[in-house]
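The values are calculated or read from the model by the stated rules, or taken from the named source; none is laboratory data. Because the structure is predicted, anything quoted here is derived from the model rather than measured. For neighbour counting, all protein chains shown are included, and Cβ atoms are generated from backbone atoms with ideal geometry for every residue, glycine included.
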There are 4 protein chains.
Amino acid sequence: MAKSKYEYVKQFERDDSLIPNTWLVIRIDGRGFHKFSERHQFEKPNDRRALDLMNKCAETVMTEIHDIILAYGQSDEYSFVLKKECDLYCRREAKILSTIVSLFTSNYVFLWKSYFADKELQYPPSFDGRIVQYPSDNNLRDYLSWRQADCHINNLYNTCFWALVHSGKTETEAENILRGTLSSDKNELLHSLFNINYNNIPEMYRKGSVLVKQEIDFKTLNQKGVEVIRKKKIVTILHVDIIQNKFWKEHPELNIITIT
Amino acid sequence: MAKSKYEYVKQFERDDSLIPNTWLVIRIDGRGFHKFSERHQFEKPNDRRALDLMNKCAETVMTEIHDIILAYGQSDEYSFVLKKECDLYCRREAKILSTIVSLFTSNYVFLWKSYFADKELQYPPSFDGRIVQYPSDNNLRDYLSWRQADCHINNLYNTCFWALVHSGKTETEAENILRGTLSSDKNELLHSLFNINYNNIPEMYRKGSVLVKQEIDFKTLNQKGVEVIRKKKIVTILHVDIIQNKFWKEHPELNIITIT
Amino acid sequence: MAKSKYEYVKQFERDDSLIPNTWLVIRIDGRGFHKFSERHQFEKPNDRRALDLMNKCAETVMTEIHDIILAYGQSDEYSFVLKKECDLYCRREAKILSTIVSLFTSNYVFLWKSYFADKELQYPPSFDGRIVQYPSDNNLRDYLSWRQADCHINNLYNTCFWALVHSGKTETEAENILRGTLSSDKNELLHSLFNINYNNIPEMYRKGSVLVKQEIDFKTLNQKGVEVIRKKKIVTILHVDIIQNKFWKEHPELNIITIT
Amino acid sequence: MAKSKYEYVKQFERDDSLIPNTWLVIRIDGRGFHKFSERHQFEKPNDRRALDLMNKCAETVMTEIHDIILAYGQSDEYSFVLKKECDLYCRREAKILSTIVSLFTSNYVFLWKSYFADKELQYPPSFDGRIVQYPSDNNLRDYLSWRQADCHINNLYNTCFWALVHSGKTETEAENILRGTLSSDKNELLHSLFNINYNNIPEMYRKGSVLVKQEIDFKTLNQKGVEVIRKKKIVTILHVDIIQNKFWKEHPELNIITIT
């Protein structure tokens, strides 16, 4: 069984290296998570445990893939930002994409029981993903602003929608009430009908989750058994605005320009 | 928070549609499975349960993704063949790749306990993947022959290697003994030293696993409660030679030419 | 002036190799040839000399690039077919495309005076181009049928249009008369108004030009001065139907399947 | 002859749009210009008229393609820089590349006689080309530095080589003399053997040609016949250093950052 006569088929593999010196963003999305959240009776509009699980998976991916400097998540999606100089797998698109999607998925199933001790996982969930290249810091910031604005818009809508449904409206009625409303209308609706001040809703729901790495000192024993201080990077989860400059000024280690 | 001013960032997404009318092969590989198999004490050279788990995951992927007409697996890798006319996700590469890798991974973790009831999964495993386009039937068959020849060569080597190690040799000694040996030498070594006839080793180990879909009749009740016969496609697992013409002649439904 | 510190910029060049074992079609089109044909007072609907010049350029390209097995031209466009096994420039897309477009353009300007001895070239014309990969013989034949059907449709329209204009109608009037007409209407119009039998119009105008290579014997002197017979390939220009099977059956050397 | 049944073949055309917001560099190279320069007896090491012709072609391309903001040429190659925001042909790679290569080639043949009145063009020359995307201003500047450093290194070598050959050495002898020499050795050789001060050689040969656009005022008559002042951009040819900051500081209109 001569393997060599068949090896020519490797020539059909394409070189899919991404362009050097661009920001790489990998965004993954839950497949069919509408159905998945129903089957697992996620709380609406936001299920704290489901979001914590998503965040934990992202944290694990970020810890394993050193070149990820920032991640942003909301709902059933997560975006991972690889630094511009990243040479992971020689920047081969399929390799980077498949690895990150697989790691995230694997953790999601593996960690499920830690977050939903009382709920059996009914069937294996899955995610799809894509990679996008952004040449400039401004492009990257605008990408992240796009996702956070999306989070805000969806969460405000969903907060109203589920408040209406929980108050007895049908889903169709809730949709009709909200059709064509502005943000200000929705804030007013929450306030007047449900006595909810939208700004008091947890920031995780309103702003999503931002994961960054921070270098910390920790004590350990060296080879001679003497206590020494070493540095390591740990992932920190924030729920803050990343559209304005403030966040970027506070994180100069990200090395992203501040739009003035 | 105007989302629209950021939406231009979608223009950076590339159209990665694959060429129509080509066979699409998605091959996934276990990441760091050498370490993973050690941590989970897989039997060597072949762990029956680990292979059965791989096969079950592939079966599930194949059932969910209708356009997969054939899959071939060995060791910690699996290849999925999408039919030429496949228009899944408009043939977008990243979408197809990430979906299949994620589905496979998810099932692997989810189904672990069904195959390893006595072994806790120590950490979440992951897979990477790639897509290759093959224009002709011959190219596709040569690809599959390449993988099956690879299976044979590796399995024969591993069978010898682990027989030597189990008999008391160190791994280095086993490597030295096998260096430069031909297939015939390895068959002879198995026979003379261990009284093993390589051809009696289970075909799953020697040939890998071939998954095809077969249409079967099944009885069910129609809307009026009357018993009727319907057809459905079920996945069948075979451990047969796919290099020679025989298999392809026996599966005309695959619509792949027989090399004469 | 150290060149080496800048050489990293070569890493930004992408590998743009096309998939092996696919038919490669390079189609070039005149840029702004409506204006070009007016400035050079091309005869309407077909300028014999302009088409002969196009054909001569294609012949030269085909002679220089050995892997081109067939070319098809009509109006200001030309398609070149590279054989499936072609490894020209390692199948790098930009290299193949730019070379063929440049060769064609260069010949067009260089040979102009041989075809238009009485007309000075007013300004340098240019062409753009693209490469498309076709996996199967049927796909390739359908591509060529598409171009020849296009030739027929355009030429029938243009023949009517210019007959009307030459008879005294304005261009707008001619357009209005032809709007919504079928092929049969146009044939009838030519016959009844202008006594033109469309089928008697030269085949070059109705079917375009097909270039193939034919091996011929020729006499030459060998190194010892003795007359010997050698073989060489010369380009032949045909004006025939390439949609039906007949042409393909008559050219088995093209090695393209005959659709049955 | 139904065209529509064949039109599906357009689906095989790929979307080859380049990433937004990157510098696009198109570099074209003469094909077989060693032989071409011999057949046309170009002066060695530099043929003034041949370089002037190259520059004129580049100027014409730059005038026609508005998005080109800078071009750099040396020997038989030219690089064209399209501005980052360029949306020419929706940034489709094949369209941009083929258009620029074709325009350059066409002008070369068309203008030949204006530069070589006494030399008939023996055969049509051709060029190939490629497009490279550069994300940052520094990457672009390093690309241009790479080409200008290449120009310097080649020209210094060629100046020595041809001085030796013109003095009676064979080409092989000249190669042997120059093998392994440093820049300083070559400068010294020119000085001591031929009394040539390399720095007195025309800057066009030592630095290549830089084309930029400059906005000028010009007088014209408006629709009422009154003399008015309008602005237009004209191409200027410079032979200056573009590696250091000086050039870039003097051309703020290029909007490229100055490395500090």
Checked region D:84-99 for anything under 17 Å from C:ILE131 (Cα atoms), touching a Lys or Arg at 6+ places or on another chain (Cβ under 9 Å) and touching a residue at least 12 places away in the same chain (Cβ under 8 Å); matches are D:ARG92, D:ALA94, D:LEU97, D:THR99
When residues of region B:57-95 are filtered for being of a type in the set (D, E, K, R), more than 11 Å from the chain's Cα centre (by Cα) and farther than 20 Å from B:ASP16 by Cα, how many remain?
-> 1
Identity of the residue in region A:52-83, acidic (Asp, Glu) and touching a residue at least 40 places away in the same chain (Cβ under 8 Å), that ends up nearest to A:LYS232 (Cα to Cα) = A:GLU59
Restricting the search to region A:212-260, which residues are basic (Lys, Arg), in contact with an Asp or Glu (Cβ under 8 Å, 6 or more places away or on another chain) and more than 30 Å from A:TYR134 (Cβ to Cβ)?
-> A:LYS219, A:ARG230
Select from region C:17-37 the residues that are over 21 Å from B:LEU18 (Cα atoms) and within 7 Å of another protein chain (Cβ to nearest Cβ) and list them in ascending order.
-> C:ARG31
Within the set of pairs 6+ apart or on separate chains, which have a first residue in region B:142-166 that is at the interface with chain A (Cβ under 9 Å from one of its Cβ atoms) and in contact (Cβ under 8 Å) with a residue 60 or more places away in the chain, a second that is part of a helix (DSSP H, G or I) and among the aliphatic types (A, V, I, L, M), and C-beta atoms under 8 Å apart?
-> B:TYR143/A:VAL9
Hits in region B:17-48 - residues which are assigned to a helix (DSSP H, G or I) and not small (Gly, Ala, Ser) = B:PHE33, B:HIS34, B:LYS35, B:PHE36, B:GLU38, B:ARG39, B:ARG48
Would you check if A:LYS213 is buried (at least 19 other Cβ atoms within 10 Å of the Cβ) and in contact with a His (Cβ under 7 Å, 6 or more places away or on another chain)?
-> no
Does B:PRO135 count as farther than 23 Å from A:THR99 by Cβ, crowded, with 19+ Cβ neighbours inside 10 Å and not acidic (Asp, Glu)?
-> yes
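Condition check ((1) β-branched (Val, Ile, Thr); (2) touching a strand residue (DSSP E or B) at 6+ places or on another chain (Cβ under 8 Å); (3) farther than 26 Å from B:TYR205 by Cβ) across all residues:
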| site | (1), (2), (3) |
| --- | --- |
| B:GLU77 | no, yes, no |
| B:CYS86 | no, yes, yes |
| B:TYR115 | no, no, no |
| B:ASP118 | no, no, no |
| B:ASP150 | no, yes, no |
| B:TYR157 | no, no, no |
In region B:38-48, the residues that are at negative phi and either facing chain A (nearest Cβ under 10 Å) or surrounded by fewer than 18 Cβ atoms within 10 Å (Cβ to Cβ) (or both) | B:GLU38, B:ARG39, B:GLU43, B:LYS44, B:ASP47, B:ARG48
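Buried (at least 22 other Cβ atoms within 10 Å of the Cβ), in a helix (DSSP H, G or I) and either among the charged types (D, E, K, R) or out of contact with any Cys (no Cβ under 7 Å at 6 or more places or on another chain) (or both), is that true of D:VAL101?
Numbers: buried (at least 22 other Cβ atoms within 10 Å of the Cβ): yes; in a helix (DSSP H, G or I): yes; either among the charged types (D, E, K, R) or out of contact with any Cys (no Cβ under 7 Å at 6 or more places or on another chain) (or both): yes.
Here the answer is yes, as D:VAL101 does meet what is asked.
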Where a residue in region A:1-29 is modelled with pLDDT under 95 and its partner, wherever it lies, is outside any helix (DSSP H, G or I), with Cβ under 9 Å and at least six apart | A:MET1/B:ILE243
Only one residue in D:PHE42, D:PHE12 is more than 28 Å from C:ILE131 (Cα to Cα) and either among the basic types (Lys, Arg) or over 17 Å from the mean Cα position of the chain (by Cα) (or both), so which one is that?
-> D:PHE42
Identify, please: which residue in region A:108-137 is free of Cβ contacts under 8 Å to residues at least 24 places away in the same chain, assigned to a helix (DSSP H, G or I) and facing chain B (nearest Cβ under 8 Å) and is, among those, farthest from B:PHE12 (Cα to Cα)?
-> A:PHE110
Please indicate, with yes or no, whether at least one residue in region D:229-242 is basic (Lys, Arg) and over 21 Å from D:HIS66 (Cβ atoms).
-> no
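Residues are listed down the side, and each one gets a yes or a no for (1) of a type in the set (S, T, N, Q); (2) modelled with pLDDT of 95 or more; (3) loosely packed, with under 12 Cβ neighbours inside 10 Å:
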| position | (1), (2), (3) |
| --- | --- |
| A:ALA163 | no, yes, no |
| A:GLY168 | no, yes, yes |
| A:ILE177 | no, yes, no |
| A:LEU221 | no, no, yes |
| A:LYS224 | no, no, yes |
| A:VAL240 | no, yes, no |
| A:ILE243 | no, yes, no |
Quick check: anything in region B:5-16 in a strand (DSSP E or B), farther than 21 Å from B:ILE242 by Cα, out of contact with any Lys or Arg (no Cβ under 6 Å at 6 or more places or on another chain) and facing chain A (nearest Cβ under 10 Å)?
-> no
Given the conditions (1) under 15 Å from B:ARG141 (Cβ atoms); (2) of a type in the set (A, V, I, L, M, F, W, C); (3) without any contact (Cβ under 8 Å) to a residue 24 or more places away in the chain, report the number of the one that B:ILE243 does not fulfil.
-> (3)
Does A:GLU7 satisfy the condition of being more than 30 Å from C:ASN21 (Cβ to Cβ) and surrounded by fewer than 19 Cβ atoms within 10 Å (Cβ to Cβ)?
-> no
